[in-house]
Structures are given as C-alpha cells and as structure tokens.
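Below is one structure, written out as structure tokens; comments come after it.
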Amino acid sequence: MNNNDIMAVLGQFVPPHWARDIASSGVVRDTHLAQDTLVLKLVLPFVDYQLDASLRQLDSKLCQVSGAQRVEWQVSVDVATLARANDAQGVAGVRNIIAISSGKGGVGKSTTAVNVALALQKLGARVGILDADVYGPSIPMMLGMMGARPVNDGKTMVPIQAHGLLANSIGFLVNEQDATIWRGPMASKALTQILHETRWGELDYLIVDLPPGTGDIQITISQSVPTTAAVVVTTPQNVALADAVKGISMFRKVNVPVLGVIENMSYHICGQCGHQEALFGEGGGSRVAQKNQVPLLGQLPLNARIGVDMDKGRPTMLVEPDGEIAEQYLTIAARIACGLYFSGKAIPTSLYTRLV
Ligand SMILES: Nc1ncnc2c1ncn2[C@@H]1O[C@H](COP(=O)(O)OP(=O)(O)OP(=O)(O)O)[C@@H](O)[C@H]1O
C-alpha cells in the first residue's frame with residue numbers, strides 16, 4: 001500500500017461545510033492495512049454532522065488504490081481552541097466562545113442559541129450556555145430551570161445542569177426587576193463576574209446569548225467577553241435585516257469575526273395542508289449575508305411548535321430530536337463549528353486550571 005495514493009484520494013475530497021480537503025486539513029492521524037481492511041484514523045478539531053455518510057463515498061476509490069476489500073473509518077473529535085478576538089485572555093477551561101446576537105429584539109435569538117447549543121452537544125461537543133441578555137434573561141425558562149440557583153461558595157458558582165448543558169444566567173442570580181435597571185457598565189461588570197466565576201469545567205463551546213441591539217451596552221458586553229466569533233440571528237422583515245447589518249458592522253468594529261447569519265421565521269408551514277409560505281418576503285437573509293460576505297448558516301421556519309414548546313422549557317432539539325427542524329439545527333451547528341475552525345487560527349489548548 002502506498003500512503004501517497006491514499007492521501008491523493010483524500011486530497012481530492014472536501015466534505016460539506018469544510019473549507020479544505022481532508023488531506024490538507026491535518027485531520028488524518030493514521031492509515032494502515034489490517035489484513036484486507038484499510039483503517040483510516042481521523043481526529044477532527046471541530047464537530048461535524050453526517051460526515052460518516054460523505055466519507056463512505058470514497059470507499060471504492062480507496063479500496064482501488066490500496067488493494068483493500070473494505071475501509072474502516074475511525075473518527076473522533078478533539079475540538080481545537082481558536083485564537084480569540086483581539087487576542088483576549090480566555091476563560092479557564094473554555095476552548096471557544098460563540099456569541100449569538102441580533103440587531104433587533106424578539107427575532108428568536110435565545111431560541112436559536114439554546115437549540116444550537118443542544119445541537120453542538122448532540123454532535124459530540126461539551127457545551128455551556130451563558131445568558132448575557134441582562135435585560136431579559138430567558139434561558140432559565142427555555143431550559144425549564146426557572147427558580148434554580150447555582151450553588152455558590154462565596155468565590156465561585158457551580159453552573160446549572162440542564163439537558164447536559166452547563167448554564168448560567170443573570171436570571172438565576174437576581175430578580176428580573178433588579179437587572180433591568182442596571183446601566184451598561186454595571187451590566188457588563190456583573191456579566192464578566194458570572195463568566196469568570198462559574199466553574200465551567202472543560203467546555204468545547206460556550207454559547208453566549210447577547211442582549212439584542214447594537215448600542216453601547218452590546219458593544220461593551222461584546223468587548224468584555226473574550227469571544228472567538230459571533231453569529232447574527234435575524235428574521236426576513238426589512239426592519240430586522242437592517243438591524244442585522246448593523247449587528248455585523250458592530251462586531252467588525254470591535255474586531256470580532258462574524259461566522260454568518262441565521263434567518264429565523266423564514267417561512268411558514270401550514271399545520272393543516274403543509275403549504276409553505278414566505279410571510280415576510282423571500283431571500284432577505286441571503287441578501288444580507290451575500291452583501292456582507294458572510295455565509296447564510298440556515299433558515300428556520302416560523303413554526304408554532306418551536307415557540308409553544310420553547311416557552312414551556314422544552315427546546316425543539318429535545319422534543320423532536322429526529323425531526324426536520326432538529327436536522328436544520330444540527331446542520332447549522334456543524335456549519336458554525338466548521339466555519340469557526342477554518343476561519344480561525346488554532347492555538348494551544350491551555351491546561352484546565354481549576355478555579356479555587
Ligand atoms: N422559529 C420560530 N417559530 C415560532 N416561534 C418562535 C420561533 N423562534 C422563536 N419563537 C418564539 O418567539 C418568541 C421570541 O423568541 P426569543 O425569546 O428567542 O427571541 P429573542 O430574539 O431572544 O428575544 P429578546 O432578545 O428580545 O429577548 C418566543 O416566544 C419564542 O418561543
């Protein structure tokens with residue numbers, strides 16, 4: 001067996017969502033023949049969705065060049081730490097922080113943040129979620145954890161565990177009325193404290209649900225969280241799209257890379273006849289994405305079940321894990337994870353130092 005022939009086959013294949021082919025992505029750790037089986041060991045620095053199926057397309061070619069009868073793919077994940085925006089110092093144990101934002105309120109940013117976090121987890125990552133929406137923390141409700149209180153030893157907090165996610169929110173710590181009167185610097189100070197004083201353990205991705213808008217408060221918070229990259233959620237209405245553009249430019253001003261745009265409530269599917277209708281116009285999200293040279297990461301339907309279930313603390317990813325909507329969240333999560341890796345610069349993952 002000639003290894004160069006095998007790498008040549010792998011070098012011609014770019015899996016969906018990837019920016020480079022398998023050979024030049026540096027993920028191939030070992031190739032060897034075990035009797036009539038070609039064993040290929042890959043270690044991915046990001047989580048992916050449905051990679052196995054696409055790798056299978058290479059089997060016959062690989063058998064041809066290696067003389068093997070079958071191919072065994074051994075794929076595992078060790079998520080890389082990517083350089084943070086502005087080379088900011090990281091949070092102990094947290095490899096990557098992804099901010100989810102929206103220029104406008106009520107577009108489904110928190111709904112998307114929770115479902116994307118659960119999707120990343122389903123793809124094999126260790127995931128946390130930080131509710132930075134100081135003026136309307138909705139993560140406790142969306143995770144079905146209203147009234148929960150993180151255990152506090154005076155210095156650090158143990159995050160709330162919900163459906164396998166580690167979560168913290170201002171909503172777990174103070175009354176909503178108290179938070180809403182905070183001004184920008186106080187809100188961002190409180191948030192920085194929560195971020196650094198939570199015992200996150202080891203996380204591959206920490207999803208941060210930012211407050212909606214593009215004003216001073218959002219800028220201060222974006223700068224006080226050592227973000228790796230951001231995602232902008234919008235709906236297709238013109239007003240929301242205009243604010244999404246503002247969101248993208250806000251992140252660019254503070255040098256935070258934007259991984260792409262998610263269009264929520266893109267179209268409505270009639271519960272009776274299945275008819276699909278673009279209630280708020282078509283193509284808005286993709287126009288914004290194209291114009292600003294970022295990918296459109298996905299389009300989610302306006303679906304009463306997403307809203308009703310979420311408001312009861314039952315995210316769609318959990319209620320219908322094998323449904324069409326879950327599949328869309330999984331694809332979006334894979335695009336985010338791949339985009340983060342291929343657009344960033346991997347840095348050494350520092351050893352987890354326990355906060356004491
Ligand atoms: N795709 C969807 N289909 C139907 N309902 C949705 C969808 N996405 C979100 N919703 C519902 O819309 C409402 C607003 O969603 P959410 O709280 O996630 O928005 P938001 O952008 O985070 O709002 P804000 O930041 O202003 O608090 C919620 O009741 C939620 O359940």
Is it true that some residue in the stretch 4-16 is assigned to a loop (DSSP other than H, G, I, E, B), closer than 30 Å to Ala326 by Cβ, aromatic (Phe, Trp, Tyr) and modelled with pLDDT of 95 or more? yes
Just one of the numbered conditions (1) closer than 17 Å to Asn292 by Cβ; (2) within 16 Å of the ligand (Cβ to nearest atom); (3) outside any helix (DSSP H, G or I) is not true of Gly247; which one? (3)
Has the stretch 26-40 got at least one residue that is in a loop (DSSP other than H, G, I, E, B), surrounded by fewer than 21 Cβ atoms within 10 Å (Cβ to Cβ) and in contact (Cβ under 8 Å) with a residue 40 or more places away in the chain? no
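Given the condition surrounded by fewer than 19 Cβ atoms within 10 Å (Cβ to Cβ) and farther than 22 Å from Val231 by Cα, answer yes or no: does some residue in the stretch 329-344 qualify?
Pass one, the stretch 329-344, residues surrounded by fewer than 19 Cβ atoms within 10 Å (Cβ to Cβ): 331, 342-343.
When the remaining residues are screened for being farther than 22 Å from Val231 by Cα, the result is none.
So far as the stretch 329-344 goes, no, none of its residues is surrounded by fewer than 19 Cβ atoms within 10 Å (Cβ to Cβ) and farther than 22 Å from Val231 by Cα.
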Starting from residues that are in contact (Cβ under 8 Å) with a residue 60 or more places away in the chain and acidic (Asp, Glu), keep the ones in the stretch 125-160 and report whichever is farthest from Thr220 (Cα to Cα). Asp131
Would you be able to tell me the number of residues in the stretch 46-67 that are buried (at least 19 other Cβ atoms within 10 Å of the Cβ) and assigned to a loop (DSSP other than H, G, I, E, B)? 4
Kindly check whether there is at least one residue in the stretch 104-111 that is buried (at least 24 other Cβ atoms within 10 Å of the Cβ), closer than 22 Å to Ser224 by Cβ, touching a residue at least 24 places away in the same chain (Cβ under 8 Å) and in the same structural domain as Leu259 (by TED's automatic domain parsing). yes
Which residue pairs have Cβ atoms closer than 9 Å, lie 6 or more positions apart in sequence or on different chains, and pair a first residue in the stretch 209-236 that is over 15 Å from Asp87 (Cα atoms) and outside the structural domain of Ser249 (by TED's automatic domain parsing) with a second residue that is away from the ligand (no atom under 11 Å from the Cβ) and part of a loop (DSSP other than H, G, I, E, B)? none
Kindly evaluate Gly285 against the criterion of being within 16 Å of the ligand (Cβ to nearest atom), in a loop (DSSP other than H, G, I, E, B) and surrounded by 13 or more Cβ atoms within 10 Å (Cβ to Cβ). no
If we keep just the residues of the stretch 102-131 that are over 12 Å from the mean Cα position of the chain (by Cα) and part of a strand (DSSP E or B), which is nearest to the ligand (Cβ to nearest atom)? Asp131
Can you go through Ser222, Ser266 and tell me which one is surrounded by 22 or more Cβ atoms within 10 Å (Cβ to Cβ) and assigned to a loop (DSSP other than H, G, I, E, B)? Ser266
Condition check: among the hydrophobic types (A, V, I, L, M, F, W, C), farther than 27 Å from Met265 by Cβ and within 15 Å of the ligand (Cβ to nearest atom). Does Ala187 satisfy that? yes
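The values are calculated or read from the model by the stated rules, or taken from the named source; none is laboratory data. None of the values given here were measured: they were computed from a predicted structure. Cβ atoms come from the backbone with ideal geometry, glycine included; neighbour counts cover every protein chain shown.
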